[in-house]
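Trainee: Attaching a single structure in structure tokens format; questions to follow.
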Amino acid sequence: MKAFLKKDKLFFATTILIILICVGFVIRFSGFNHEKQKIISILVNVFMVTVMLFLVADTIKFLLLAIDEAFWPRKLSAFTTDSEAKLHTRTDYLKMRLNSLRYRLLVTEDHRNEKLNLRYQNIAHDLWLYGKYFFLLMCLVLVTQDELLYFNSNVLNDFFMNNHTYTMGLKHVNRLDQLYPFIEISLVKAFETNATNIGNLHILYGDHTSMLGVVRLRQLRRKENSHTGWKPVEFSSLDYKPKWKLPYERISYTDKYWRIYEPWLPISPTYSRTDKFFFNYNYPGYLQSYPEMEGYVTLLSNSYDNSMRVIEYLQEKHWLTWKTTAVFMDFTLFNADANIFTICTLLVEQTPFGTILSNARIISAKLHFVAQLGKGGLIVLIIYIIVVIQFFKALVMVIWYEPIKLRSMWTKLDLIIFVLNITVIILVSVQEFMVSQLLAKVESSSKLEFLDFRMPTRLHEWTRNMLGFLVCLTTMRLWRVLQFASVFQLFASTLYSAWQALASTAMIILTFLVGFGIAVVTINGNNADSFSQLFKSIISSLCFSFGFSSQITPNDLFYGGRLLGLVLYLILAFFVALLMTNLFVSIINDYFSRAKRMRDEKHEENINFLQFLRVEYAAIFKFFQRMAIFKMAYKRHNRTVAENIKRILDHKVKLKASEKSESIKHAEYKRRIERLFTVAAIMQTQMELLDHMLFEAENV
């Protein structure tokens, strides 16, 4: 059998060597030379095909083989003995007995509790499985992070919101009619006017960032007799003629020329099912939330002259009026040096008083998930997928052999973790496909085509959220595995016994905060931004009571008068920050002390998890102990050998003098006697082995 295994390994190694040599010759002499990102894409595709081959193809193959064996069983072969089996001698028996006795020195009576050993064995398996999965998940999160994204978003936010030498900031748009100059200066002139590539306009301050497609303008108009109040404003979805005239009348040949009639038609009928799935949400503004799938849209061009014609036409036909509630400016930028996509959404809101509120949402993302990883990240991704497969295999084994464990919350949590992993893989695949489709349109895009990269960006945000949930759920699952430690058991029992009292106290604190937030938003809401809304007021009060005062100052509480402000400040500082918080902490402390006392009363003298690992994996520990870096050298500590020995003996005397129960002393005595008998058996076996080997040598 061993000879067969050796031949099998030799054939396998030879096959791998031949394949590698052939691949090397093909790469060296075939003449093709791909880009780095192309090679990474090829390797990823090869890996994914291989994974699918083992997961899907092998499953189908073994399923067909099982059906074949079940319906058409083969005849059992005749029993034959192994002619190459080794004949064991007395010497082999003595050596085996000697090894067994040596391990008995490690496996004392305390290690013979099978129930406890089985539990520790399952914990070791789970700790290895979830530990490496959690480690690789954190590595995957780290390799997908890029600090350039923050700086890119920060710089572009400053570029569009503030005034610069050649551009105008959105913050300085004070009236709705000033939006046209902003569009001209910051969104048209800010990009090169002599660009030769269609859809590739470089930014004014460098050629590292270019615009993909054109700028899209979308406005929301309120309906007739719809005003700001308790209910949200309703937006118009009627078809208009230019200058917002009714009734709408379709004019012939409108599709033959540039779309001068589109700014007066609602955009909602043009959305596909995919768009409705991804954009069926509201964009949060200062006054209210705005639906993403409503409004009236017009597109600029990729040249200065054509864009100015569009702007002049909109000004002439009064596209922006007093009924305009919000105007969105959507466009996408691409940084070729850093491979960063920047999805920009500039929002201008018109209040009922005619004033303007501006906001910019700049999202920077590397939408090419595989391309951003690099070599190290690609290796982490491959190992992570392999560990996920191992995780799924362990989960299936548990469910297959013990279906009753499906009722366990932790098994359900494992299922959720696996489903989230599959969801992340699907989202990344769909995102890569969408980005490839959009990039293919860049070179062939027309002058009036908006390349909507918001859809893959939304998938990217969902992927990040899924990874965050995965980290949280995996941490919870790892917490369950770490329950073998007494500290984690103590924390778990404390939280389990104190959750009702803590929930009641939290409800009292929350009720008080809601009442305080209502009072503060009523008194100071019209003057302080931190207390302008109820939910924001509650969060601001909670943050201020715990010392997070970077955005809030005590002056924000004094708009109702100094005396009332002082009362509010004292209530917030002393009642919430001191009284209620200390009450919350004292409850946890009381239950923690009770749980610790109950643990000490039920204490049992069993081996701990580390002692189990020391015996279960003794060969591994022995291997590392033999290494030079792990060997303990003798350290004098400026003392002689006699002094060090005396210190050790004195320490042992002190330990013996300490108070121990009779059961502990009896267990130590019993363990010592057992080790003496084991050492005597080892010496007896060594003498027999030596005598047998000498006797055999004399006979030979």
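The values are calculated or read from the model by the stated rules, or taken from the named source; none is laboratory data. These numbers were taken from a predicted model, which means no experiment stands behind them. A quick note on method: Cβ atoms are made from the backbone with ideal geometry, for glycine too, and the neighbour counts reach across all protein chains shown.
Trainee: Determine which single condition K243 fails, assuming it passes every other condition in (1) at pLDDT below 85; (2) in a loop (DSSP other than H, G, I, E, B).
Mentor: Checking K243 against (1) at pLDDT below 85; (2) in a loop (DSSP other than H, G, I, E, B), the one that fails is (1).
Trainee: While we're on this one: Would you be able to say whether some residue in segment 306-317 is under 26 Å from N359 (Cβ atoms), among the acidic types (D, E) and surrounded by fewer than 18 Cβ atoms within 10 Å (Cβ to Cβ)?
Mentor: Scanning segment 306-317, I find no residue that is under 26 Å from N359 (Cβ atoms), among the acidic types (D, E) and surrounded by fewer than 18 Cβ atoms within 10 Å (Cβ to Cβ), so the answer is no.
Trainee: Looking at L459, L473, which one is assigned by TED's automatic domain parsing to the domain that holds D414, under 30 Å from I362 (Cβ atoms) and not charged (D, E, K, R)?
Mentor: So the residue among L459, L473 that is assigned by TED's automatic domain parsing to the domain that holds D414, under 30 Å from I362 (Cβ atoms) and not charged (D, E, K, R) is L459.
Trainee: Answer yes if at least one residue in segment 443-465 is under 30 Å from A595 (Cβ atoms), in a helix (DSSP H, G or I) and not aromatic (F, W, Y), and no otherwise. If you could, list the steps in order and put the result at the bottom.
Mentor: Narrowing segment 443-465 to residues under 30 Å from A595 (Cβ atoms): none.
No, segment 443-465 has no match at all.
Trainee: Against the definition (part of a loop (DSSP other than H, G, I, E, B), buried (at least 18 other Cβ atoms within 10 Å of the Cβ) and touching a residue at least 12 places away in the same chain (Cβ under 8 Å)), how does L287 come out, yes or no?
Mentor: Details: part of a loop (DSSP other than H, G, I, E, B): yes; buried (at least 18 other Cβ atoms within 10 Å of the Cβ): no; touching a residue at least 12 places away in the same chain (Cβ under 8 Å): yes.
So L287 does not fit the description; no.
Trainee: Right, something else. Those residues that are in contact with an Asp or Glu (Cβ under 7 Å, 6 or more places away or on another chain) and part of a helix (DSSP H, G or I), I need them from segment 106-116; list them, please. Steps first, answer last, please.
Mentor: Residues of segment 106-116 in contact with an Asp or Glu (Cβ under 7 Å, 6 or more places away or on another chain): 108-109.
Within segment 106-116, E109 is the sole residue that qualifies.
Trainee: Give me the residue from segment 654-671 that is surrounded by fewer than 10 Cβ atoms within 10 Å (Cβ to Cβ) and assigned to a helix (DSSP H, G or I) and, out of that set, modelled with the lowest pLDDT. It would help to see each step written out before you state the result.
Mentor: Keep residues of segment 654-671 that are surrounded by fewer than 10 Cβ atoms within 10 Å (Cβ to Cβ), which gives 654-659, 661-663.
Adding the requirement that they be assigned to a helix (DSSP H, G or I) leaves 654-657, 662-663.
Details: K654: 70, L655: 64, K656: 61, A657: 57, E662: 67, S663: 67.
Step by step, filter segment 654-671, then rank; the result is A657.
Trainee: Would you be able to say whether some residue in segment 483-494 is more than 30 Å from N582 (Cα to Cα), in contact with a Phe, Trp or Tyr (Cβ under 8 Å, 6 or more places away or on another chain) and not hydrophobic (A, V, I, L, M, F, W, C)?
Mentor: First pass over segment 483-494, keeping only residues more than 30 Å from N582 (Cα to Cα): 484.
In the following step, the residues that additionally are in contact with a Phe, Trp or Tyr (Cβ under 8 Å, 6 or more places away or on another chain) were identified as 484.
Okay, now just the ones that are also not hydrophobic (A, V, I, L, M, F, W, C), so none.
For segment 483-494, residues more than 30 Å from N582 (Cα to Cα), in contact with a Phe, Trp or Tyr (Cβ under 8 Å, 6 or more places away or on another chain) and not hydrophobic (A, V, I, L, M, F, W, C): absent.
Trainee: Oh, and also: Suppose we filter V471, V428 for residues that are crowded, with 16+ Cβ neighbours inside 10 Å and either out of contact with any Phe, Trp or Tyr (no Cβ under 6 Å at 6 or more places or on another chain) or not aromatic (F, W, Y) (or both); which single one remains? Full working, then the answer.
Mentor: On the way: V471 fails: crowded, with 16+ Cβ neighbours inside 10 Å.
Within the list V471, V428, the selection yields V428.
Trainee: Kindly list the number of the only condition in (1) in a helix (DSSP H, G or I); (2) closer than 19 Å to T108 by Cβ; (3) of a type in the set (D, E, K, R) that fails for R599.
Mentor: The failed condition is (2).
Trainee: In addition: Would you check if there is a residue in segment 355-364 being farther than 15 Å from F160 by Cβ, small (G, A, S) and in contact (Cβ under 8 Å) with a residue 12 or more places away in the chain?
Mentor: no
Trainee: Here's something else I'd like to know. Please work out which one of (1) in contact with a Lys or Arg (Cβ under 7 Å, 6 or more places away or on another chain); (2) crowded, with 17+ Cβ neighbours inside 10 Å; (3) under 29 Å from F134 (Cβ atoms); (4) not acidic (D, E) is the condition L299 fails and give its number.
Mentor: (3)
Trainee: Keeping to segment 400-421, report how many residues are within 26 Å of the chain's Cα centre (by Cα) and either over 15 Å from V471 (Cα atoms) or of a type in the set (S, T, Y) (or both). Please lay out each step first, then the result.
Mentor: Keep residues of segment 400-421 that are within 26 Å of the chain's Cα centre (by Cα), which gives 406, 408-421.
From what is left, the residues that are either over 15 Å from V471 (Cα atoms) or of a type in the set (S, T, Y) (or both) are 406, 408-412.
Here the count works out to 6.
Trainee: Additional query: Specify which of the listed residues (Y93, Y133, Y103) is within 30 Å of L694 (Cβ to Cβ), modelled with pLDDT of 80 or more and assigned to a helix (DSSP H, G or I). Step through it out loud before you land on a result.
Mentor: Details: Y133 fails: within 30 Å of L694 (Cβ to Cβ); Y103 fails: modelled with pLDDT of 80 or more.
Being within 30 Å of L694 (Cβ to Cβ), modelled with pLDDT of 80 or more and assigned to a helix (DSSP H, G or I) holds for just one of Y93, Y133, Y103, which is Y93.
Trainee: Then there is this: For the list (1) closer than 30 Å to F469 by Cα; (2) without any contact (Cβ under 8 Å) to a residue 60 or more places away in the chain, I need the number of the one condition that Y166 fails.
Mentor: The failed condition is (1).
One line per residue, one yes/no per condition, for (1) in a helix (DSSP H, G or I); (2) surrounded by 14 or more Cβ atoms within 10 Å (Cβ to Cβ); (3) in contact (Cβ under 8 Å) with a residue 12 or more places away in the chain:
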{"site": "G376", "(1), (2), (3)": "yes, no, yes"}
{"site": "I383", "(1), (2), (3)": "yes, yes, yes"}
{"site": "I386", "(1), (2), (3)": "yes, no, no"}
{"site": "K393", "(1), (2), (3)": "yes, no, no"}
{"site": "M397", "(1), (2), (3)": "yes, no, no"}
{"site": "W400", "(1), (2), (3)": "yes, no, no"}
{"site": "L406", "(1), (2), (3)": "yes, no, no"}
{"site": "K412", "(1), (2), (3)": "yes, no, no"}
{"site": "V419", "(1), (2), (3)": "yes, no, no"}
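Trainee: Where residues in segment 345-354 are in contact (Cβ under 8 Å) with a residue 12 or more places away in the chain and assigned to a loop (DSSP other than H, G, I, E, B), which of them is farthest from L55 (Cα to Cα)? Even if it seems obvious, please write down each step before you answer.
Mentor: Quick first cut of segment 345-354, residues in contact (Cβ under 8 Å) with a residue 12 or more places away in the chain only: 345-352, 354.
Still in the running and assigned to a loop (DSSP other than H, G, I, E, B): 351-352, 354.
Working: T351: 58, P352: 61, G354: 63 Å.
The extreme case among them is G354.
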